[in-house]
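**Student:** First the structure, then my questions, so here it is.
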Amino acid sequence: MIFDAHTHLIGGITQNIEIMNRLGIDKAVLLPESSSRDYVRESNEVIKVASQYSSVFYPFCIVDPKDEHAVENLKKFMENGFKGLKLHPLVQGVAIHDTLYDKIIGNLKKSMPVLIHTGTPVYSMPFQFLELAKRHPNVTFIMGHSGLDYWYDAIRAAKRADNIILDTTGIRFPKVIEYMCKELGPERIVYGSDLPFLSADIELYKIQLLNLSTYDRNKILYENIYSILEK
Amino acid sequence: MMIDCHFEVGKYFFFNSNINDYLLTAEKYDIVAAISAPIFGRAYIDKWIEANRRMRMLKQENKIKLFGWFTVNPWVKNVTKSIEKNFDSTFFKGLKLFPSLQGMEPNMPIYHPIYEYAEKNKIPIYIPSGYPPMTPLQIADVSEMFKKLKIIIGRGGFSDFWMEVEPALKNGENIYLAISCQSNINALKKAISALGASRFLFETSYPFSDIDLEIKKLSSLNLNRNDLEKICYNNAKELFNI
């Protein structure tokens with residue numbers, strides 16, 4: 001079983017489904033494209049698609065913290081069935097640890113995880129992520145891309161806060177995932193592809209290449225994200 | 001047939017480059033020549049003389065012809081004299097610099113004597129790219145100053161700096177891109193389609209990246225045979241005179 005913790009809705013869902021079927025990916029977190037200022041439209045498109053494939057997709061909304069209606073819109077999104085929140089500090093022009101995000105995170109339902117892009121200075125760094133995670137210890141934070149080349153910072157941040165989960169999406173050096181597993185345990189890592197932005201074939205192949213036990217592989221490829229979203 | 005323009009030899013942290021493992025896997029993919037560099041670390045700071053010596057001693061016992069990247073520390077006085085003395089062009093195919101380890105941007109004047117020497121002697125320069133101080137556009141600025149110098153931007157922009165790859169290559173015909181470590185296949189496809197395949201080079205960056213993975217990425221690019229041959233072999237053959 002494979003559960004992709006990081007896919008996007010970009011220009012239709014057909015290509016995602018074709019690729020998922022071909023690669024044997026059973027379920028996926030579905031994130032908005034996250035590239036426009038119109039986060040309400042992007043989020044609504046995601047919930048529409050996810051409701052048509054409710055056994056496959058777990059919809060995440062996106063909220064712009066600079067919008068005066070952000071909290072109000074977040075509450076509507078939660079009522080509409082979103083399972084998590086995506087934030088993109090780089091696109092939103094707000095550093096991860098900026099207190100602007102606190103009002104959003106503070107209004108989340110208890111079980112809703114937050115996935116945040118990392119690895120792009122100056123707004124999206126692992127230790128900024130840690131600052132936010134420490135301020136909201138009851139929220140599960142998924143570190144998108146595990147800081148990319150700042151993977152060591154990502155591991156350090158995860159060591160310092162139990163509510164941080166690392167996501168393998170786009171990691172450039174595959175062996176880093178093995179090292180993460182050794183340092184943090186497989187329970188703290190989820191597989192992601194960034195489909196269709198990145199190649200799901202390549203991202204999945206990175207996991208397949210690694211010297212991981214069946215237990216570790218199952219945790220990373222399916223069980224961790226499933227238990228976060230179904231708790 | 002393929003040429004691997006860049007892999008690294010040595011041990012850094014949990015990255016361990018075993019030359020025999022490398023050769024076994026490389027042979028599987030018909031890699032006929034490969035250019036090795038000392039692994040990330042002190043080889044680019046204070047141990048560069050020893051590192052070059054070690055590279056030069058790599059045994060040529062395999063079907064794969066091994067070459068080397070020569071490293072230098074730009075802070076050393078009269079650095080070009082050392083290059084002149086130790087750069088054995090039958091083995092070394094270029095100079096590799098590592099700005100983040102050497103403490104400055106690649107376009108800074110302290111590097112200029114090296115570039116002048118390399119330009120004059122037709123020696124290509126390889127600089128891994130990624131975060132500052134080695135973004136593709138920072139590296140490309142060197143080509144503005146040294147128009148005949150062949151510069152290879154390594155690791156395909158690495159992270160989100162894939163977005164600088166295409167504009168960097170547009171800075172000059174003397175700039176090449178080695179494509180390992182870049183997960184954004186679409187960005188690479190777009191750059192190759194926009195610029196043609198003549199300035200793209202295959203590299204594995206083993207042991208940081210993985211040889212099998214880099215080969216799989218090549219097939220994901222869906223290139224026509226001509227472009228594939230250019231990227232995998234012909235461009236490197238011509239650039240490095242292999």
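Just so you know, all these numbers are worked out from the coordinates, no wet-lab data involved. Values in this document were obtained by computation on a predicted structure and should not be read as measured data. FYI the Cβ positions are ideal-geometry reconstructions off the backbone, even for glycines, and counts take in every protein chain you see.
**Student:** Over the alpha-carbon set of chain B, divide Rg by the Kirkwood Rh and report the Rg/Rh ratio to two decimals.
**Tutor:** 0.93
**Student:** To the nearest µm²/s, what D does Stokes-Einstein give for chain A at 4 °C and 1.567 mPa s, using the Kirkwood radius over alpha carbon pairs as Rh?
**Tutor:** Stokes-Einstein gives a translational diffusion coefficient of 75 µm²/s.
**Student:** Across the residues of B:179-188, average count of Cβ atoms on other protein chains within 10 Å?
**Tutor:** Per residue, the average neighbour count from other chains is 4.
**Student:** Dipole of the range B:107-242 (Lys/Arg Cβ +1, Asp/Glu Cβ -1, origin at the Cα centre): which of B:Gly130, B:Ala140, B:Ile231 lies farthest to the positive side?
**Tutor:** The listed residue farthest towards the positive side: B:Ile231.
**Student:** Rounded to a whole number, what is D in µm²/s for the range B:134-242 from Stokes-Einstein with the Kirkwood radius over alpha-carbon pairs (25 °C, 0.890 mPa s)?
**Tutor:** My calculation gives 178 µm²/s for D.
**Student:** For B:Ala37, enumerate residues with amide H under 5 Å from its amide H, sequence gap 5+ or separate chain, H modeled in the peptide plane.
**Tutor:** B:Phe7, B:Glu8, B:Val9, B:Trp69
**Student:** Let me have the relative contact order for chain A, percent, based on Cα pairs under 8 Å that are six or more residues apart.
**Tutor:** Answer for chain A is 19 percent.
**Student:** Given the options A:Ile116, A:Ile171, A:Ile202, which has the most mean-square fluctuation in a GNM of chain A, springs set between C-alpha atoms less than 10 angstrom apart?
**Tutor:** Largest GNM mean-square fluctuation: A:Ile202.
**Student:** What number, rounded to the nearest 500 deg cm²/dmol, is the helix-based mean residue ellipticity at 222 nm of the protein assembly as shown, given -39500 (n - 2.57) per DSSP H run of at least four residues and division by all its residues?
**Tutor:** For the protein assembly as shown, the value works out to -10500 deg cm²/dmol.
**Student:** Oh, and also: To the nearest whole number, what is the average tally of beta carbon atoms from other chains within 10 Å of the beta carbons of peptide A:170-179?
**Tutor:** So the per-residue partner count for this stretch is 5.
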